[in-house]
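The structure appears below as structure tokens.
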Amino acid sequence: MAHSIEITPIDDQIPLLRQTKKDEIEEGRKVNHLINIKVRVNEMYRDLDNSSIKTCTIFKVNMGLRESNPAAYTPKMVSIGPYHKKNPQLDPMEKYKLLYLQWFLQRNEALDIEICISELEELKEKALKCYDDIEDLGNDSHDFCQMLLLDGCFVVEFIRERCQMCPEQEDEVFNFGGYICHQIFRDLMLLENQLPFFVLNQLHHMTKQDDELQLLLLANDSFIFFVDLPNMIRASFTETEFVNAGNIKHLLHAVHILSCHGQNFVEKPKYDITRQKAMPNATELSEAGVSFVKVGYCYKEDNLGDNTSLFDITFENGLMKIPYFEVFGYTENFLRNLIAYEQQSSDVLPTYFGDYVTFMDHLIDSDKDVSLLRQKGIIENWMGEDKEVASLFNKIENGSVIIPTSITVKNSKKQLNIVKNHGTK
């Protein structure tokens, strides 16, 4: 019997799979893409260390601030901490770190490098969380702890040396008041050039004598020779106020606290984002009948009882009182780093230094304004020409958005605008 094969035309065949439309394929690709993104983001969440974000206190200066003057945030003499450790231009100072380490160990015969490193190992994880993005150093425990030891001993012994606490039969490493000494202090006041204060405090306690002051008080005693600000004087403080040094983040924070000591801190304000009129400058105010007078002093032996702060600016009945302020070549760096610290710290309010610079920037538009304030004894110009001082205050605010948080600055600006428009009464 013959077999027959029936052939069905292809158009009449029933397809095994439904034809997929182009838009359905594209939709599938989008879904897969979204799934991949979700997976990657979840992995990033797992790797994110929330605790390090919350505990970071030694920041890298943001680009908005840095771009107007990068040199103001960069050490020139000595690297402290991890951010500038690999800068070869700072290598010549490494031998002095070793010399200070020798001094440090001489203070306690029972102490050696092994014991010091062991103590610092206990602080390593806590110290790492104070910095922003330093994984390359954090992976090598020995390198990081060695850095803490060398840099920490350098800072502690430098402060002791400034307080005339050299080991017996040893001469000072750096000539007190000399150029190098001032350059080192300048570098110690950079936000990116810090060690956690608890590391410095631990090292100090390891070699502290019974009659020796707390490190914070030693730092204050040494800094008053460099920080030419009102109220940076020992008479303003008592030891009991600084028994708990655990609240100090680093040396720049210590100077910030000492400078703002005694100010009336306020609760976090609700920012007024409405556009404010520019405050009149000193020349315009003088022409409108405002009088200027100096108050306070910087550190002077015969004025230890003076408690005037840099921020004690008042305006009443046509009289503006402004604290005495000395301007040096390093003043811009100092103010910039204090402002960077204020702006990048969520727990610093009011932002006194930012407010002060904003106020002075409005008050000073040109060398004429500086000349007026200088003649009134308010500004002492050690920079050179008055236009350099004007440029200093005008440049600092570049790249930063400073909203006044202290009541004094905001109220003074409002009152001074009224004076400009209507004169004094």
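The values are calculated or read from the model by the stated rules, or taken from the named source; none is laboratory data. As the structure is a computational prediction, the values presented were derived from the model and not from experiment. All Cβ positions, even for glycine, are placed from backbone atoms using ideal geometry, and neighbour counts span all protein chains on display.
Could you please find all residues in segment 352-380 being surrounded by fewer than 24 Cβ atoms within 10 Å (Cβ to Cβ) and touching a Cys at 6+ places or on another chain (Cβ under 9 Å)?
Within segment 352-380, just GLU380 meets the criteria.
Of the residues PHE393, PHE325, PHE359, PHE334, which single one is of a type outside the set (Ser, Thr, Tyr), under 15 Å from the mean Cα position of the chain (by Cα) and either outside the structural domain of LEU190 (by TED's automatic domain parsing) or modelled with pLDDT under 90 (or both)?
When all the criteria are applied, what remains is PHE334.
For LYS129, indicate whether it is at pLDDT 95 or above and assigned by TED's automatic domain parsing to the domain that holds VAL155.
No, not satisfied.
Do any residues in segment 372-393 that are at positive phi have Cβ atoms under 7 Å from those of residues that are outside any loop (DSSP other than H, G, I, E, B) and of a type in the set (D, E, K, R), where the two are at least six apart or on different chains, and which pairs are they?
GLY377/LYS294
Taking THR351 as the residue in question, decide whether it is more than 22 Å from ASN62 (Cα to Cα) and among the polar types (S, T, N, Q).
No, not satisfied.
Would you mind finding the one in VAL266, VAL293 that is more than 21 Å from SER371 (Cα to Cα) and either modelled with pLDDT of 85 or more or not in a helix (DSSP H, G or I) (or both)?
VAL266
Which of the residues that make up segment 86-123 are among the basic types (Lys, Arg) and over 18 Å from VAL156 (Cα atoms)?
Correct list: LYS86 only.
Every residue, every condition in (1) in a loop (DSSP other than H, G, I, E, B); (2) at pLDDT 80 or above; (3) not assigned by TED's automatic domain parsing to the domain that holds ASP112, yes or no:
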| residue | (1), (2), (3) |
| --- | --- |
| ASN175 | yes, no, no |
| ILE184 | no, yes, no |
| ASN193 | yes, yes, no |
| VAL199 | no, yes, no |
| ASP210 | yes, yes, no |
| ASP221 | no, yes, yes |
